[in-house]
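The values are calculated or read from the model by the stated rules, or taken from the named source; none is laboratory data. Remember, predicted model here, so these are calculated numbers, not experimental data. Cβ sites come from the backbone with ideal geometry, for glycine too, and all protein chains shown count toward neighbours. Areas reflect the complete protein model, heavy atoms only, side chains present, ligands, DNA and RNA absent. Shrake-Rupley method; radii C 1.70, N 1.55, O 1.52, S 1.80 Å.
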Amino acid sequence: MFTTGPTSRRDFLKQTATGTAALAAGLLDGGLLPAQEPGVRPLQAAEVAVCNPRGRVPMSMIIDDSTCLVNLAHFAIPQFHEVFPDRYKQPWRRLPREIPDRFVRKFGEWCHEHGIKGKYSIVPYPACVGWIDRQLPGWSKRELEESLDLVRTRMVPDWDIHPEMVSHTWVINTKTGQPYPERTSDFMENWGWSVGKSADQLADYLRYALRILQRAGLPCEGITTPGGFGDRVRPALAQATLEACRDVYGAEIPHYFRDLFTDDRSVAPRVYYASDLDGPDPKCCVSIVGCTGDWFGGWDGLTLGSADRCITADHQGGRLPEVIRRAEPAILVCHWPGIYFNGLEYGFQIFKTVIDRLEVAYDNLIWMKLSEIARYWAARELTRIEWSGGKATFHAPFACPRFTVRVAGPAQGPPRLETQGKVTQLAHVPQALQLDSGTWHRAKQGTTICFDLPRGTSKLILQ
């Protein structure tokens, strides 16, 4: 049975090639599977509307199937073919075994120059080749250390690091550190293993992956699911992400990437399992939703994409203008082997074209890491807001930079921010696009204020 619900990203790519709709895992939207719980939602005064950060549209780039040195496609395809002999017949032996660090540096530097941010996976035990916290057979210990150092210094400032579970292929026994001997889809991370698993069982597996990244000296606040992992146990996946990321890294706002939608559904982040918002240890988990398919180079580096599917040369067509018009986060999705495209870098060139077109067409975008988007949406939905006598009072379980609100009607005076008894005068900016932390702008529809929201209670005084 096929529906138009959420799909695994790998299946999405196959289906878009054949024109087939999404897999039966999408029964979630039809109500046949349990949904995640939103948890607590505080009251927010109607007079105060929370806007996008700095009044701009968030952008981000999700890179899947990346890791240190290993070209995941080269090693994963024969493992997938072992389980599905009628599929995955790509000429994997012709694919390079390595995606070199010189390309990571080239890509990271170009993105940094253009202000691009996002998420970059580090698969901990890629296709069972070797462990990124120990050794990768086929590469020297020094090469691995240099690769990790490159990720820490070049990628981490602009990109969140996620595990994409442990191997992205065979399921690992967390008690032995070895793949299970069964060679069926029920023992592959991309397919059946997660079905029927509890939140505790999934959390154990996520912790195992996260601890490898931690031992490798990489920061982490979230996870990416490989293929169909967690597709049919979404409530358990959200709870497990919340538990595992807090346990291993002490992440304040864990987040995960599981879904992408290219239809008319909202791609705004989903905030789940919010609780204890007025206590010392508030909790929530954020699901980040992509808005494009891999229209760059495919997951295997063999499927050439098209920039026009993201944004056309006249800047009017394609998926991104649709999402930007709705002012929802426009989060692109790609796979690292496809960006490298087996040394030809065709996926990278398509990505550059997309960015060039965005830079010409828009002046109201803001690039953010997934963790930054997750934090903003958590603050946006979970901050209690009161309005009385020209004052807006915020009770925030989470701090949030560049928090932006619009107050209906004209301000009686220059807005002031009061935190912990200290009052700060905010600076007026004549153009809305000049908004940044500590500024305000007046327009016909009201007064827009951008400030660093502290955790706890703060006030905006507009009288």
Original post:
Assuming Val271 fulfils every condition listed in (1) free of Cβ contacts under 8 Å to residues at least 60 places away in the same chain; (2) under 15 Å from the mean Cα position of the chain (by Cα) apart from one, which condition is it?
Top reply: (1)
Subject >> Residue ID - nearest to Glu386 (Cα to Cα), chosen from residues in region 49-64 that are open to solvent by 10 Å² or more (accessible area, probe 1.4 Å) and of a type in the set (D, E, K, R) >> reply: Arg54
**OP:** From (1) more than 18 Å from the chain's Cα centre (by Cα); (2) open to solvent by less than 30 Å² (accessible area, probe 1.4 Å), pick out the condition that doesn't hold for Ala313.
**Re:** (2)
Original post:
Name the strands (runs of 3 or more DSSP E) wholly within region 332-440 that hold at least 3 residues that are in contact (Cβ under 8 Å) with a residue 40 or more places away in the chain?
Top reply: 365-367, 384-388, 391-396, 400-407, 416-419
Original post:
Restricting region 426-446 to residues that are at pLDDT 95 or above and in contact with a Lys or Arg (Cβ under 8 Å, 6 or more places away or on another chain), which is most open to solvent (accessible area, probe 1.4 Å)?
Top reply: His428
Subject >> Residues satisfying the stated conditions in region 155-203, i.e. on the phi < 0 side of the Ramachandran plot, open to solvent by less than 20 Å² (accessible area, probe 1.4 Å), assigned to a loop (DSSP other than H, G, I, E, B) and out of contact with any Asp or Glu (no Cβ under 6 Å at 6 or more places or on another chain) >> reply: Asp158, Pro163, Glu164, Val166, Ser167, Thr169, Glu189, Asn190, Ser194
Original post:
Inside region 153-193, can you point out the residues that are charged (D, E, K, R), in contact with a strand residue (DSSP E or B) (Cβ under 9 Å, 6 or more places away or on another chain) and under 30 Å from Glu372 (Cα atoms)?
Top reply: Asp158, Asp160, Glu164, Glu189
Original post:
In the set Gly227, Gly192, Gly222, which member is closer than 22 Å to Phe257 by Cβ, out of contact with any Gly (no Cβ under 7 Å at 6 or more places or on another chain) and modelled with pLDDT under 95?
Top reply: Gly227
**OP:** Go through the residues of region 267-285 one by one and say whether even a single one is over 26 Å from Ala399 (Cα atoms) and either modelled with pLDDT under 95 or open to solvent by less than 20 Å² (accessible area, probe 1.4 Å) (or both).
**Re:** no
Subject >> Failed item, numbered, when Gly250 is tested on (1) open to solvent by less than 20 Å² (accessible area, probe 1.4 Å); (2) small (Gly, Ala, Ser); (3) over 18 Å from the mean Cα position of the chain (by Cα) >> reply: (1)
**OP:** Please work out if Arg402 is closer than 19 Å to Ala49 by Cβ, of a type outside the set (Val, Ile, Thr) and open to solvent by 70 Å² or more (accessible area, probe 1.4 Å).
**Re:** no
Original post:
In region 316-329, which residue that is outside any helix (DSSP H, G or I) and out of contact with any Pro (no Cβ under 7 Å at 6 or more places or on another chain) is nearest to Pro91 (Cα to Cα)?
Top reply: Gly318
**OP:** Considering only residues that are over 19 Å from the mean Cα position of the chain (by Cα) and either open to solvent by 10 Å² or more (accessible area, probe 1.4 Å) or free of Cβ contacts under 8 Å to residues at least 24 places away in the same chain (or both), look in region 215-232 and name the one that is nearest to Met155 (Cα to Cα).
**Re:** Gly217
